[in-house]
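A short worksheet on the structure shown next.
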Amino acid sequence: MVYMNNGTSLSRTGLRTLLIAGLAGALCMGTYAGTTGLTLASDKQSGASTGGTPEPDANGVIPFTAAKEGTCLTWDMDDKGTISDFEETDCNKEHRFEVSSREDLNTYPTAEFGPGAPPPNQTRQAQLREELCQTASIRYLGGRYDPSGRYSIAPILPPTDAWEDGDRTMLCGLQETDTEGVPILTTGKAAERDQARVAETGTCLITDQANNLNVVKCSDRHHIEITGKVDLAPVFADHTPSVDEQNKYLGDVCAKTAEEYVGGEENLYQTTLQIYWGTSTTRAWDGGSRTVNCGLMFAKDDRFASLTGSAKDGREALTVDGSVPAPPPERRPLRSEQGRAAGPAPVAPQPYNAP
């Protein structure tokens, strides 16, 4: 799972060489295992039923679904991954898939999917996604798509019994997935939504060996605690902002967000944590991502220190690399006592500009 923003750059206080090459471009949400596609087990098991009666194709085969471009689909799934109640729904209601195109594999320029052919395996489904779904889905979105964002492109294939009966319908579409690549419930049309993939306030994140960010309990070891989300769309309504512009705006905003999160400027200072924020790359912004995260972290020896506990519970409830942080030194008068215009918070020195 990638957090901060789709395709985001990394901005952190007091941190100039923190695994720039590895982290700056890789903090994205997950591996999108689900983009290889969804194959329904059978009509009977999945309850495949989408509004209206599908018309037979040129070969007289009745497709498993009448869903077309712009249709939203949903289904239930148990702990074993068994799908049931596969059906169309209003896109303003919760759904798991938005159809961007309807493809007929009978027209594929080889006999690969002819009568008696087995369904494509996961590797082939991923290839079909690139060959047939990618361009169609980006066109459906009006050309605005952030490949590192909240939506992934994926195909849905017929239930096994429908495939055996000759149905070669393939739906291309957009979905949100969890860290395992499983489609999750969402609402609204994708073209009308911010595509940024960001974490919810209060979430704690840890980087894995692949430099992806994954959600964990704050009581467990983590690297970042999210203090809020910032919508940059109204701030930069007339142009794509540079990283410098975003940094200048987010420095004070994320300092204020952190103060509100922990209950005041003094509480923030006492945590000894540092302010963190994400910035959107030009590619992500132009692809429709506008929201970034603010958070708290601790930089140590050019790396993320391991934290446990929540900053909301105070310094004594935290550990940094296994130890409760030492009390911070006496400080100058609070910014609130000096007037907020007096300068940036001591806990938020100017960040570097990530590549």
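Out of T179, T187, report the one residue that is in the same structural domain as L73 (by the TED database) and under 30 Å from S219 (Cβ atoms).
Working: T187 fails: under 30 Å from S219 (Cβ atoms).
T179 is the lone residue from the list that is in the same structural domain as L73 (by the TED database) and under 30 Å from S219 (Cβ atoms).
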*asked:* Give me the residue from the stretch 136-167 that is under 14 Å from P118 (Cβ atoms) and of a type in the set (G, A, S) and, out of that set, surrounded by the most Cβ atoms within 10 Å (Cβ to Cβ).
replied: A162
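Residue-wise test of (1) on the phi > 0 side of the Ramachandran plot; (2) assigned to a loop (DSSP other than H, G, I, E, B); (3) without any contact (Cβ under 8 Å) to a residue 40 or more places away in the chain.
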{"position": "T74", "(1), (2), (3)": "no, no, no"}
{"position": "K80", "(1), (2), (3)": "no, yes, yes"}
{"position": "S84", "(1), (2), (3)": "no, no, yes"}
{"position": "P109", "(1), (2), (3)": "no, yes, yes"}
{"position": "G114", "(1), (2), (3)": "no, yes, yes"}
{"position": "Q125", "(1), (2), (3)": "no, no, no"}
{"position": "R129", "(1), (2), (3)": "no, no, no"}
{"position": "R139", "(1), (2), (3)": "no, no, yes"}
{"position": "Y145", "(1), (2), (3)": "no, yes, no"}
*Select, from G314, G295, G287, the only residue that is over 29 Å from I138 (Cα atoms) and under 24 Å from the mean Cα position of the chain (by Cα).*
G295
*Among (1) more than 30 Å from P241 (Cβ to Cβ); (2) of a type outside the set (S, T, Y); (3) touching a residue at least 24 places away in the same chain (Cβ under 8 Å) - the single one R332 does not satisfy*: (3)
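The values are calculated or read from the model by the stated rules, or taken from the named source; none is laboratory data. Since we're looking at a predicted model, the values are computed, not measured. We place every Cβ from the backbone using ideal geometry, glycine too, and count neighbours over all the protein chains shown.
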